[in-house]
Amino acid sequence: MAFHRRRHHYYNRLRSLLPVISAVSGVLLILFGLLSILAPSPIDSDSFHHPRHVYSSNVGADVAVGETVFRVPSTGGRLDYDIWTSRNSKFYYGCSNATRSFAYADTITQRDRYLLIATSGGLNQQRTGITDAVVAARILNATLVVPKLDQKSFWKDASNFADIFDVDWFIKSLSNDVKIIKNLPRRGGKTWTPRNMRVPRKCSERCYQNRVLPVLLKRHAIQLTKFDYRLANKLDSQLQKLRCRVNYHALKFTNPILEMGKTLVHRMRMKSKHFIALHLRYEPDMLAFSGCYYGGGDREREELGAIRRRWKTLHMKNPDKERRHGKCPLTPKEVGLMLRALGYGSDAHIYVASGEVYRGEESLAPLKALFPNFYTKETIARKELEPFSSFSSRMAALDFIVCDESDVFVTNNNGNMARILAGRRKYFGHKPTIRPNAKKLYRLFLNEGNITWDVFASKVRTYQHGFMGEPKEVRPGRGEFHENPHTCICEDSSEAKAKKESGPRKYGKGYNATGEDSTNDDLNVDDEPELPEPDNDGDQEGPLEDDPFNGTGLDYEGFNSEEPELEEMVSD
């Protein structure tokens, strides 16, 4: 009986509390409803092409993701180093003069040996072909006819060599190394038709002597077609130095291009003491060919899929795998976050070298929010560009000059322009050249909603160690020679410095983009030690053939690259 009385007592107490519980529940429901109405709606991740995470495009804004807040500051923070210079650059300099043992062209060039070259691709891809053509002529002891530029590739630029480069300077500056003429001479009063050949990719010195020289001896004039990356990465050190003399000194843009480039650089300098040049590489064609996916849903798949169908032989790729392996360009926003983490504040001025950006302002808005001082050649010199605007190679040359002269150059994924500029900037003082460590940064970007900004920035700086253009970041022989011209980089030891001050100045000191080079003193002997070259002749980012674009943002290679690479092709 006592048990039943106690249960009845508790039951009555519970009934008396029910109104109170109901009232409290009602109040909580009302508060939850008000919070739902007043809270901001989630950001549509598709608008920033990242479906897995959310962050703000507004500088200094807070975005709650789970239990953490990811706040992007407007400043780069206090660092213990200068973000605008390379720390050890003063100890290294470019040195590409020939030694006394490198015979003059007059003594080794054979009569009735003429080499013609038909380059392939856009401006920077063709630049590598021109550089290697001079070396190939030297290997064959042949007279080089000024190379022909590709006028049939995707961009169909009708420019000739003399429209882009100072042809007289090219011939004169290399006169001690290779005999060069503008046109193939007539034979018996008639036009001479050379024999067309194609050599394998990365053909060695012995390869040229065994494959090309016998045909040249028989026909006396041959033309090597589709000439891009047809010379081995590893060569005798004197031939490597010749490559540097061609690429960094003999190939000078024409005066109209130089003057326009100088104007663009001057206008950037008027805006700020320092500026960053960013080669964005976020064009629709680039993204389509790369096989990458950025979270844009069906719209993105349809747009890029339609472009991909231009290449009938293009195999399908796994987008997630490509991103994981660092084969995809960063989005403009990711580039901006990387730069902020590296110490560049919102007051930094950025010059963007790029063609048509995928989704235009929609993609660029986050980058512009992070870096409001955002410029392109069109925004700072629209009217003056009219004489160049119909020629993609000349427009690319202008971007090349500004990127070369910038305090910091940022390349978004490795293309031909990025490789050439990386090598050039090493040769002329190791100016900072930032290449995103895309493989590690990709994983970080996936997670940045779950960490604080301080942790994010710290990890970015750690991951970018070795990707900032500092001396000796890449060991000798690693990567393409155009990107890592180790044979032409000397260390400025006290002994070397004393010898330099007592003798003629070597190539690489005091050079400027206006083309005011010093003359070649071929009697100057370099004191550079021979550097061992590893067995691996590849690039740390994979085979060169895997990168179909030449990296100018305007010029693409690979649009007509359906060619056998293993066998020599000879035709009449």
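Identify, by number, the condition in (1) within 21 Å of Asn413 (Cα to Cα); (2) open to solvent by 60 Å² or more (accessible area, probe 1.4 Å) that Asp454 doesn't meet.
(1)
Tell me the residue from His349, His274, His315 that is over 27 Å from Trp453 (Cβ atoms) and either at pLDDT below 95 or of a type outside the set (Lys, Arg) (or both), please. Before you say what the answer is, go through the steps one by one.
Working: His349 fails: over 27 Å from Trp453 (Cβ atoms); His274 fails: over 27 Å from Trp453 (Cβ atoms).
Testing whether each residue is over 27 Å from Trp453 (Cβ atoms) and either at pLDDT below 95 or of a type outside the set (Lys, Arg) (or both) leaves just His315.
If you scan the range 277-289, which residues turn out to be touching a helix residue (DSSP H, G or I) at 6+ places or on another chain (Cβ under 7 Å) and open to solvent by less than 10 Å² (accessible area, probe 1.4 Å)?
Of everything in the range 277-289, those that are touching a helix residue (DSSP H, G or I) at 6+ places or on another chain (Cβ under 7 Å) and open to solvent by less than 10 Å² (accessible area, probe 1.4 Å) turn out to be Ala277, Leu278, His279, Leu280, Tyr282, Leu287, Ala288.
When the residues of the range 160-203 are filtered to those that are open to solvent by 50 Å² or more (accessible area, probe 1.4 Å) and within 30 Å of Gly479 (Cβ to Cβ), which remaining residue is nearest to the chain's Cα centre (by Cα)?
Here the residue is Lys202.
Only one residue in Ala353, Ala341 is of a type outside the set (Asp, Glu) and under 21 Å from Glu405 (Cα atoms), so which one is that? Walk me through how you get there before you give the answer.
On the way: Ala341 fails: under 21 Å from Glu405 (Cα atoms).
Step by step, each of Ala353, Ala341 is checked, and only Ala353 is of a type outside the set (Asp, Glu) and under 21 Å from Glu405 (Cα atoms).
In the range 327-348, how many are assigned to a loop (DSSP other than H, G, I, E, B), of a type outside the set (A, V, I, L, M) and surrounded by 21 or more Cβ atoms within 10 Å (Cβ to Cβ)? Reasoning before the result, please.
So the first thing to find is which residues in the range 327-348 are assigned to a loop (DSSP other than H, G, I, E, B), and the list is 327-331, 342-348.
Next cut, of a type outside the set (A, V, I, L, M) only: 327-329, 331, 343-347.
Now drop any that are not surrounded by 21 or more Cβ atoms within 10 Å (Cβ to Cβ), which leaves 327-329, 331, 344.
So the count comes out to 5.
Among the residues of the range 89-114, write down those that are within 21 Å of Cys488 (Cα to Cα) and assigned to a loop (DSSP other than H, G, I, E, B).
Cys95, Ser96, Asn97, Ala98, Thr99, Arg100, Ser101, Phe102, Ala103, Tyr104
In this structure, is Arg267 open to solvent by 20 Å² or more (accessible area, probe 1.4 Å), in contact (Cβ under 8 Å) with a residue 60 or more places away in the chain and of a type outside the set (Gly, Ala, Ser)? Talk me through it step by step, then tell me what you get.
Values: open to solvent by 20 Å² or more (accessible area, probe 1.4 Å): yes; in contact (Cβ under 8 Å) with a residue 60 or more places away in the chain: yes; of a type outside the set (Gly, Ala, Ser): yes.
Spelling it out, Arg267 is indeed open to solvent by 20 Å² or more (accessible area, probe 1.4 Å), in contact (Cβ under 8 Å) with a residue 60 or more places away in the chain and of a type outside the set (Gly, Ala, Ser).
Note down all Cβ pairs under 6 Å where the first residue falls in the range 392-406 and is assigned to a helix (DSSP H, G or I), the second is among the acidic types (Asp, Glu), and they're at least six residues apart or on different chains.
From the range 392-406, the pairs are Ser392/Asp157; Ser393/Asp157; Ala396/Asp555.
Here are some residues: Gly429, Gly415, Gly360, Gly423. Which one is more than 17 Å from Met268 (Cβ to Cβ), over 14 Å from the mean Cα position of the chain (by Cα), in contact (Cβ under 8 Å) with a residue 24 or more places away in the chain and in the same structural domain as Ala457 (by the TED database)?
Working: Gly415 fails: over 14 Å from the mean Cα position of the chain (by Cα); Gly360 fails: in contact (Cβ under 8 Å) with a residue 24 or more places away in the chain; Gly423 fails: over 14 Å from the mean Cα position of the chain (by Cα).
Residue meeting the stated conditions: Gly429.
From (1) touching a residue at least 40 places away in the same chain (Cβ under 8 Å); (2) open to solvent by 20 Å² or more (accessible area, probe 1.4 Å); (3) over 21 Å from the mean Cα position of the chain (by Cα), pick out the condition that doesn't hold for Gly297.
Only one criterion in (1) touching a residue at least 40 places away in the same chain (Cβ under 8 Å); (2) open to solvent by 20 Å² or more (accessible area, probe 1.4 Å); (3) over 21 Å from the mean Cα position of the chain (by Cα) is unmet by Gly297, namely (2).
Can you tell me how many residues within the range 61-97 are in contact with a strand residue (DSSP E or B) (Cβ under 7 Å, 6 or more places away or on another chain), at pLDDT below 90 and open to solvent by less than 70 Å² (accessible area, probe 1.4 Å)? Break it down stepwise before answering.
Just the residues of the range 61-97 that are in contact with a strand residue (DSSP E or B) (Cβ under 7 Å, 6 or more places away or on another chain), to begin with: 62-63, 69-71, 84, 91-95.
Retained after the next criterion (residues that are at pLDDT below 90): 62-63, 69-71.
Still in the running and open to solvent by less than 70 Å² (accessible area, probe 1.4 Å): 63, 70.
Qualifying residue count, the range 61-97: 2.
When you scan the range 338-357, do you find a residue that is in contact (Cβ under 8 Å) with a residue 40 or more places away in the chain, under 14 Å from Asn412 (Cα atoms) and of a type in the set (D, E, K, R), even just one?
No, the range 338-357 has no match at all.
Note down all Cβ pairs under 7 Å where the first residue falls in the range 181-194 and is among the aromatic types (Phe, Trp, Tyr), the second is in a loop (DSSP other than H, G, I, E, B) and open to solvent by 80 Å² or more (accessible area, probe 1.4 Å), and they're at least six residues apart or on different chains.
These pairs meet every condition: Trp192/Arg186.
Among the residues of the range 429-450, write down those that are buried (at least 16 other Cβ atoms within 10 Å of the Cβ) and farther than 23 Å from Asn413 by Cβ.
The answer is Gly429, Gly449.
The values are calculated or read from the model by the stated rules, or taken from the named source; none is laboratory data. Every value quoted in this text rests on a predicted model; they were computed, and no experiment measured them. Here the Cβ is made from the backbone with ideal geometry for all residues, glycine too, and neighbour counts use every protein chain on show. Quick note on the areas: whole protein, heavy atoms, side chains included, nothing else; ligands and nucleic acids left out. Shrake-Rupley method; radii C 1.70, N 1.55, O 1.52, S 1.80 Å.
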